[in-house]
Amino acid sequence: MNQAAASKTRNAVLGKSGEEEARRFLLKKGYEIIAQNYRSPFGEVDLICKDQNSVVFVEVKTRKNLNFGDGAEAVVPKKQKKIIKTALYFLKNKHLEAHPYRFDVVSILSGGDLKISYIPHAFP
């Protein structure tokens, strides 16, 4: 395996472990997980949850260190647009357009002690 492929594999493993940490974190907060890694023609949403009466679309970003910034900083407007389009696709296909919804971000720092930052209503 070449260096680029090995790095991609490590990043995928890190991302999956972060999503699992975020999933456990949200379950402890009382959220119900509706879907994980939901894909549409527009992109992917890491977690889709129900929090009381709201559908919550959650982007999870995991980092080993802060060399490239906090994970939440990576949810730039271009990424937000993909998440929004995917969320609207999900709501329409599940006939949930009338439900309130929001976009949250869970940022995980896994190097050393695990640190979870949770940003509800992260973007409009």
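Here are the numbers for the structure shown:
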item: Extension gain from K82 to L66, taking 0.36 nm per residue of separation minus the Cα-Cα distance; result: 3.3 nm
item: Cβ-defined net charge surrounding A87, 13 Å radius [Lys, Arg +1; Asp, Glu -1]; result: +3
item: Sequence of V76, V60 once ranked by neighbouring C-beta atoms within 10 Å, starting from the fewest; result: V76, V60
item: Hydrodynamic radius of segment 3-123 per Kirkwood, over alpha carbon pairs, in Å; result: 14.8 Å
item: Within the chain, percent of DSSP bridges classed antiparallel, to nearest 5; result: 65 percent
item: Unsatisfied cross-links (Cα-Cα over 32 Å) in the set K78/K115; K29/K82; K94/K115; K64/K92; result: K94/K115; K64/K92
item: Per-residue Cβ neighbour rank within 10 angstrom, fewest leading, E21, E97, E73; result: E97, E73, E21
item: Relative contact order for the chain, counting Cα pairs under 8 Å that sit 6 or more residues apart, in percent; result: 23 percent
item: Sequence of R39, R102, R23 once ranked by neighbouring C-beta atoms within 10 Å, starting from the fewest; result: R39, R102, R23
item: Diffusion coefficient, µm² s⁻¹, Stokes-Einstein with Kirkwood Rh over alpha-carbon pairs of segment 21-84 at 20 °C and 1.002 mPa s; result: 168 µm²/s
item: Simple label model, 7 Å out from Cα along Cβ direction - L114 to Q36, nm; result: 1.3 nm
item: Chain lengthening between N93 and K50 when straightened (0.36 nm per residue, less Cα-Cα); result: 13.9 nm
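Coordinate-derived values only; no laboratory data. Quantities reported herein were computed from a predicted structural model and do not represent experimental measurements. No Cβ is skipped: glycine too gets one built from the backbone with ideal geometry, and neighbour counts run over all protein chains shown.
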